[in-house]
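The values are calculated or read from the model by the stated rules, or taken from the named source; none is laboratory data. Everything quoted here is computed from the prediction, not taken from an experiment. Virtual Cβ from ideal backbone geometry, glycine too; neighbours counted across all protein chains shown. Side chains are part of the model used for accessible areas, which takes the heavy atoms of the whole protein and leaves out ligands, DNA and RNA. Shrake-Rupley method; radii C 1.70, N 1.55, O 1.52, S 1.80 Å.
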Amino acid sequence: MSQETEDKNKTTIEGKTEDFRESLATAEESGKRKWVFAKKPHGKYTRYRDIVSATLLILLFAFPFITTPGGNPIFQFDILNRQFYVFGSYFSPSDFYLFGIGLVTTVVFIIVFTVIYGRIFCGWICPQTIFMEHVFRKIEFLVDGDRNKQIRLSKQEWDSEKIRKRLLKWTLFAIFSFIVSNLFLTYIFGKKEMLKMIIEGPTKNMTLFVSLIIFTALFYFVFAWFREQVCTFVCPYGRLQGVLIDKDTINITYDFVRGEGTAGRSKWRKNEDRKALGKGDCIDCGQCVVVCPTGIDIRNGNQLECVNCTACIDACDDVMTKIGLPTGLIRYASEDMIEKRTKFKFNTRIIAYTAVLFILVSVCMSLLFIRSNVETKFLKVVGTQFTIEDNQVINEYQFIFINKTTDKKTLNVKVLKPENADIFLMGYGTHLYIDSKRTIKGTATVKIPQSSLKHTKEEIIIAVFDDQGNKIDEYKTNFIGPLKERF
């Protein structure tokens, strides 16, 4: 391909090059890291995001210390002991199928959600964004000041002021990283066990202490140095958006029709009739660029680095208000809405996709709460045949009872179909007690009168009742008998 052809391919219809797509906003051409000094945002969306982030952070720090009336933690993910609590309900490895269903649901949810609403998740809910923009960045603003002061401090010699500010900022970063590390480990071990290990000290819990240091260092590294590059280089979601979004996807979008006009953007001049001159409403002030936490220019269109944080919307609206032009030059909109000059509305496509999202979440949440508290299995013992005693056909089964609650259970076992069948659990009879979060295995025999069998293989239903007579689970299995001709 000739140089002329390459240059032509880099040029858009409007005559602007797209060279920016061949480089990253956070890296020099040599590959060296380009540090992003984002200006402190302020405005309507920033206030909303502050509220959302504060709420999520409060919940994150509160959940490990909240228990249900029964004493179960709201959330705990004890990977070491394979015990998990979700909304106070206990889950064991036998519920792994729910994890699989939840994983598939999550993938489908992400795809469908992104197709319609773009990367709203990244800007409003993603933990990386919340910690970076609403904790570490705020600490940075507090210690180093706003963008201009940060740039000046970065170029400044290592005098007493710079050393003092750097040590203070890095210390605050490290303290918060250490606190979050303890918090995440509390989600694993639980508040009581975590408190016990803290009181005992690192000498008696060296593995925990080493894990704590490693996680603190990793957390510190991500938010003190790696920062926005997580979204660009590591997070797969950013890569997915390139193939998921289309002209109908709602994203933070620059209104290039209004902003460029027919003569393009230009600096603001007082008392100038920009409309008569064909100039767009964009006055090329660059505020949308300096406020961006990933260092991109939203006016270049949709880009991989954009996390939909709304900082550019607030910055642009502020400028438009000051010069007396309508706000919304940068706003939530689809490319199709910009080109066709239409406003957002819930069309059939959005309603249908949203309905799918709602159904997916509803099904997944329902599976979490409709599962039985006691899981029962009766499996035919491999390699065994039926026996006949006193005109009773007998089959052997391997039974498994899993108590998925934190309460001791009294269980009564009965064959529901056929009604004249009897069951006997060896070592237990028809009644047994099972402790919380425990599994009981054993052998059971089922007897059915020979005259009641109509087929060689028949389905039977074994049910489990609690001590108050309420059915809590049932299991369908096959019962093998002699051929009809042998009766």
What relative contact order, as a whole-number percentage, does segment 30-170 give when Cα pairs under 8 Å and 6 or more residues apart are counted?
-> 21 percent
Helical mean residue ellipticity (222 nm; -39500 (n - 2.57) per DSSP H run of 4+; nearest 500) of the chain | -12500 deg cm²/dmol
Lys and Arg at +1, Asp and Glu at -1: add these up for the other residues within a Cβ distance under 15 Å of VAL112 and post the number.
-> 0
Whole-angstrom Cα spans of segment 169-244 along principal axes, big to small = 51, 29, 17
Taking the simple approach of a point 7 Å from Cα along Cα-to-Cβ for both LYS247 and ASP284, what is their distance in nm?
-> 2.9 nm
Semi-axis lengths, Å, segment 303-354, gyration tensor of Cα atoms, sqrt of 5 times eigenvalues | 25, 15, 10
Could the peptides 132-141, 56-65 be put in order, highest first, of the mean number of other beta-carbon atoms found within 10 Å of their residues?
-> 132-141, 56-65
Nearest-0.05 FRET efficiency for ILE58 and LEU167, computed from C-beta distance (R0 25 Å) | 0.30
Report, largest value first, the span of the C-alpha coordinates of segment 240-396 along each principal axis, in whole Å.
-> 109, 32, 26
May I ask you to derive the FRET efficiency for SER30 and ASP318 from their Cβ-Cβ distance with R0 = 41 Å, giving the value to the nearest 0.05?
-> 0.70
With viscosity set to 0.890 mPa s and temperature to 25 °C, compute the Stokes-Einstein D of segment 128-171, Rh being the Kirkwood radius across alpha carbon pairs; µm²/s, no decimals.
-> 226 µm²/s
Relative to the first principal axis of the alpha-carbon coordinates of the chain, what is the inclination of helix 96-117, with its axis defined by its Cα atoms, in degrees from 0 to 90 and to the nearest 10?
-> 30 degrees
Let me know the charge dipole size of segment 332-438 about its Cα centre in debye, to the nearest 20, where only the beta-carbon of Lys, Arg (+1) and Asp, Glu (-1) is charged.
-> 740 debye
When the Karplus curve 6.51 cos²θ - 1.76 cosθ + 1.60 is applied with θ = phi - 60°, which whole-Hz ³J(HN,Hα) does each residue of segment 136-150 get, with x for Gly and Pro?
-> 5, 5, 5, 4, 5, 4, 5, 8, 8, x, 6, 3, 4, 5, 5
Report the charge-dipole magnitude of the chain in Debye, nearest 20, computed about the Cα centre from +1 at each Lys and Arg Cβ and -1 at each Asp and Glu Cβ.
-> 1040 debye
On average, how much accessible surface per residue is there in the chain, in Å², for a 1.4 Å probe, leaving out ligands, DNA and RNA?
-> 56 Å²
Between segment 63-78 and segment 187-222, the Cα center-to-center distance that results, in Å = 19 Å
Could you please tell me the mean projected area of the C-alpha convex hull for the chain, averaged over all directions and given in square nanometres to one decimal?
-> 36.8 nm²
With the charge dipole of segment 266-399 built from beta-carbon charges (+1 for Lys and Arg, -1 for Asp and Glu) about the Cα centre, the Cα from THR376, CYS312, THR348 projecting farthest to the positive end belongs to CYS312
From the cross-link list LYS34/LYS322; LYS44/LYS275; LYS270/LYS340; LYS44/LYS322, which pairs have alpha carbons spaced over 21 Å apart?
-> LYS34/LYS322; LYS44/LYS275; LYS270/LYS340
Segment 374-487: equivalent-ellipsoid semi-axes (sqrt of 5 x gyration tensor eigenvalues, Cα, Å) = 28, 13, 11
Whole-Hz Karplus couplings 3J(HN,Hα) for segment 195-203, θ = phi - 60° and coefficients 6.51, -1.76, 1.60, Gly and Pro as x, run 4, 4, 5, 5, 5, 5, x, x, 5
Roll a 1.4 angstrom probe over the protein heavy atoms and tell me the percent of accessible area of the chain that is carbon or sulfur.
-> 60 percent
Rounded to whole Å and ordered largest first, report the semi-axes of the equivalent ellipsoid of segment 38-97 derived from its Cα gyration tensor (root of 5λ).
-> 34, 14, 9
